[in-house]
Amino acid sequence: MKHLFEYDSILHNYNYLISEEELKRLRSANQEWRKELKEGDMVDAIIDENGSRCSGWSQARIDQVNGDTLHLEFIFDIKTVDRYLDRWSVEIAQYESKTKELFEWKQTVQVGTLVDAHDKTVWNKSTVLDVKEQ
């Protein structure tokens, strides 16, 4: 019997709008890797930039684990995008399954590379003027 305020049910049904049937499917369809996630592990996850239309996949380190709730630290992005996600969320994928090509491409960016850039309101064709190592 599910309780009205059972944490797992609330998180999936309301925050992520995942039906119980879909949740059962996700948990049984080659998703064993999710059960093993622990602090320090890397995952691919969706960045949520406060309603920005620039959300997308990035790499994150699991900073904390509390039951099925993971605190993700996006180590290559600004601190404000760090977030909490459920280990069964569709916004988490195995490390480099969504980001490998992107992060390989980022290593090739140099002065003069043409890119699309977003300034929080509009996309622009842009040219890289400087590259700084972090």
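Considering only residues that are farther than 17 Å from D48 by Cα, of a type outside the set (A, V, I, L, M, F, W, C) and outside any loop (DSSP other than H, G, I, E, B), which ones fall in segment 104-124?
The answer is E104, K106, D116, N124.
Given the structure, is K125 basic (K, R) and under 20 Å from the mean Cα position of the chain (by Cα)? Before the answer, list the steps.
Values: basic (K, R): yes; under 20 Å from the mean Cα position of the chain (by Cα): no.
The answer is no for K125.
Residue check, I47 against (1) surrounded by 14 or more Cβ atoms within 10 Å (Cβ to Cβ); (2) in contact (Cβ under 8 Å) with a residue 40 or more places away in the chain, all met but one. Which one?
Single failed check for I47: (2).
Collect the residues in segment 106-123 that are surrounded by 10 or more Cβ atoms within 10 Å (Cβ to Cβ), at pLDDT below 90 and either within 20 Å of G40 (Cβ to Cβ) or of a type outside the set (D, E, K, R) (or both), keeping them in residue-number order.
A117, H118, W123
Take the residues of segment 73-93 that are assigned to a strand (DSSP E or B) and of a type in the set (A, V, I, L, M, F, W, C): which is farthest from A45 (Cα to Cα)?
Result: L85.
Could you grab me the full set of residues in segment 112-134 that are in contact with a strand residue (DSSP E or B) (Cβ under 6 Å, 6 or more places away or on another chain) and among the small types (G, A, S)?
Those that are in contact with a strand residue (DSSP E or B) (Cβ under 6 Å, 6 or more places away or on another chain) and among the small types (G, A, S): A117, S126.
Are there any helices (runs of 4 or more DSSP H) wholly within segment 7-72 with 1 or more residues that are modelled with pLDDT under 75 and not β-branched (V, I, T), and if so which?
7-10, 20-28
Only one residue in E96, E101 is part of a loop (DSSP other than H, G, I, E, B) and within 22 Å of the chain's Cα centre (by Cα). Which one? Explain how you work it out, then say what you get.
Numbers: E101 fails: part of a loop (DSSP other than H, G, I, E, B).
Answer to the check: E96.
Which of (1) at positive phi; (2) free of Cβ contacts under 8 Å to residues at least 40 places away in the same chain is the odd one out, the single condition R83 does not satisfy?
Among (1) at positive phi; (2) free of Cβ contacts under 8 Å to residues at least 40 places away in the same chain, the lone unmet condition for R83 is (1).
Taking the condition of being at pLDDT below 90 and either in contact with a helix residue (DSSP H, G or I) (Cβ under 7 Å, 6 or more places away or on another chain) or more than 30 Å from E39 (Cα to Cα) (or both), how many residues in segment 88-105 meet it?
1
Given the condition surrounded by 13 or more Cβ atoms within 10 Å (Cβ to Cβ), over 25 Å from K24 (Cα atoms) and not hydroxyl-bearing (S, T, Y), answer yes or no: does some residue in segment 88-96 qualify? First the steps, then the outcome.
The first filter runs over segment 88-96 and keeps only residues surrounded by 13 or more Cβ atoms within 10 Å (Cβ to Cβ), leaving 88-96.
Now drop any that are not over 25 Å from K24 (Cα atoms), which leaves none.
Within segment 88-96 (the criterion being surrounded by 13 or more Cβ atoms within 10 Å (Cβ to Cβ), over 25 Å from K24 (Cα atoms) and not hydroxyl-bearing (S, T, Y)), the answer is no, since none of the residues qualifies.
The values are calculated or read from the model by the stated rules, or taken from the named source; none is laboratory data. Worth saying up front: this structure is predicted, and the values here are computed from it rather than measured. A quick note on method: Cβ atoms are made from the backbone with ideal geometry, for glycine too, and the neighbour counts reach across all protein chains shown.
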